[in-house]
Amino acid sequence: MVDSEKKKILIIEPSTFFEKVLESNLSTDQFIIATEKDIGRALLKVVRWHPDLVITGIEVGTISGFDLCLLLKMMPDFAGLPIILISSYDDQLIHQKAADAGADYYVIKNNEAVENIKAVLANLFFPEKQAAKSPKSKEIESILLVDDSLTMRKVIRNILLGVGIQKVIEAKNGQDGLDQLAAHQVDMVISDWAMPLMNGVEMIKNIRLNPNYQNLPIIMVSAEVQEEIEKAMHCGINGYLRKPFNALDMKQLIAKFSTPAAE
Amino acid sequence: MKAEYLNPFLEATKDVIETMAKIPVRPKTLRLKAEKKTYGAITGIIGITSPHLNGSMVISFSELCILKIVANMTSTYEKIKIDSEVVDAVGELTNMICGGAKNRLAKMDMKFDLALPTVLVGKNMQISYLPNTPIIVIPFMTEGGEFVVEANLQMK
């Protein structure tokens, strides 16, 4: 790939060790990597170099990664520049702050961080390759939302519409969910666990009995303990979100199952 | 009741309200409660059972506080009074807070089951607490007003 076709990634990371880990793992013939340790210099670099993606830590001196994110999203030329915030904290408040700052992705610095960032890059820059690898993957445009709580349906519907989902069909329990699924074509199901008449696990087992729905992505949202949700994964769930969650958590989970259609 | 078992409820409450309603929550000094009546205009109650712990957790909101929380959660205007949707939201918040505490306590090897939440509407409603067990009240302040979390838990 010639240099002009390569995607430019700016990494702003206070830890030299993690900076080197990212640089060495992402330096392929598809990407040009630049690094900065100071947010001021990073801002200048963005303006002059026009990167295709910014990966920034949170604790980067007097101006935090959140502030950088806010600043860039307010600058018309860079409002669409994708930003990945990286941090060691796996905390709802930090997730919320990342969402409020306008970050596009939030990646936790753990032993899966590099793979998670690579997955984001693949989805962002090479969607056609992702689609080729996974013929079933497609852009998620319509979602069946199953929750007995009207409040939670409103909360999740607002999040889904906010992240670009075009159609949200609602159902108030597992049986209603099955009925709605039979009546509507959807790209994904998001379901609560504990519901009257038929709970989420029973509904998902029923859905998976139908050969037409073997590859339909299903996400469970629940306040149950993580251990219990993980036990329920065998019933056919593809992913889960623990309540409470915010828009960014939901967006990232949906993005895992969505590949924008290649033009 | 050890203080270390109360912290997960405190943390989960802050986490749930701040994440779902996007308003800062500030815990205040713990106190004990003698009367067996609800504190606020709407109250969520959830029973807790396990081989080593039983009792209940109560979450009670002033009317202004819960109307602000529900408006923020659902990105709509504040309602003028408590209605069925607010009742539904309190049930969901109670479930999420107790689920969050359950998750945190499970990591401390304290496992228990949660019953389905019950929601009472009205101030000074009678609550059936465990006898001879202290009712520990954790008050929280938000920009919309106060709410309390009460722990009435007995170690077996």
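Values quoted throughout were computed directly from the atomic coordinates according to the rules given, and no laboratory measurement underlies them. Predicted model only: the values in this text are computed from it and were never measured. Heads up, the Cβs are rebuilt from the backbone with ideal geometry, glycines too, and the neighbour counts pull from every protein chain shown.
Summary table below
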read-out	value
Residue match in the stretch B:1-22 (condition: among the aromatic types (Phe, Trp, Tyr), within 14 Å of another protein chain (Cβ to nearest Cβ) and surrounded by 21 or more Cβ atoms within 10 Å (Cβ to Cβ))	yes
Criterion: within 22 Å of residue B:36 (Cα to Cα) and outside any strand (DSSP E or B) - qualifying residue of B:72, B:124, B:103	B:124
Among the residues listed as B:108, B:125, the single one being over 21 Å from residue B:53 (Cβ atoms) and hydrophobic (A, V, I, L, M, F, W, C)	B:125
Unmet criterion (only one of (1) β-branched (Val, Ile, Thr); (2) within 11 Å of chain B (Cβ to nearest Cβ); (3) touching a residue at least 12 places away in the same chain (Cβ under 8 Å)) for residue A:151	(3)
All positions within the stretch A:62-98 that are within 14 Å of chain B (Cβ to nearest Cβ) and either part of a helix (DSSP H, G or I) or on the phi > 0 side of the Ramachandran plot (or both)	A:92, A:93, A:94, A:95, A:96, A:97, A:98
Residue within the stretch A:99-119 that is within 14 Å of another protein chain (Cβ to nearest Cβ), under 13 Å from the mean Cα position of the chain (by Cα) and among the hydrophobic types (A, V, I, L, M, F, W, C) present	yes
Lone qualifier among B:101, B:41, B:71 - being under 15 Å from the mean Cα position of the chain (by Cα), buried (at least 16 other Cβ atoms within 10 Å of the Cβ) and within 14 Å of chain A (Cβ to nearest Cβ)	B:101
Candidates B:59, B:66, filtered to the one that is under 22 Å from residue A:157 (Cβ atoms), of a type in the set (A, V, I, L, M) and crowded, with 22+ Cβ neighbours inside 10 Å	B:66
Test: residue in the stretch B:132-150 that is of a type in the set (Asp, Glu), under 22 Å from residue B:36 (Cα atoms) and in contact (Cβ under 8 Å) with a residue 24 or more places away in the chain	yes
Failed item in (1) assigned to a loop (DSSP other than H, G, I, E, B); (2) of a type in the set (A, V, I, L, M, F, W, C); (3) within 15 Å of the chain's Cα centre (by Cα); (4) over 23 Å from residue A:195 (Cα atoms), with residue B:116 passing the rest	(4)
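Conditions tested, residue by residue: (1) at the interface with chain A (Cβ under 9 Å from one of its Cβ atoms); (2) touching a residue at least 24 places away in the same chain (Cβ under 8 Å); (3) in a helix (DSSP H, G or I); (4) under 13 Å from residue B:144 (Cα atoms).
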position: B:78; (1), (2), (3), (4): no, no, no, yes
position: B:89; (1), (2), (3), (4): yes, no, yes, no
position: B:94; (1), (2), (3), (4): no, yes, yes, no
position: B:97; (1), (2), (3), (4): yes, yes, yes, no
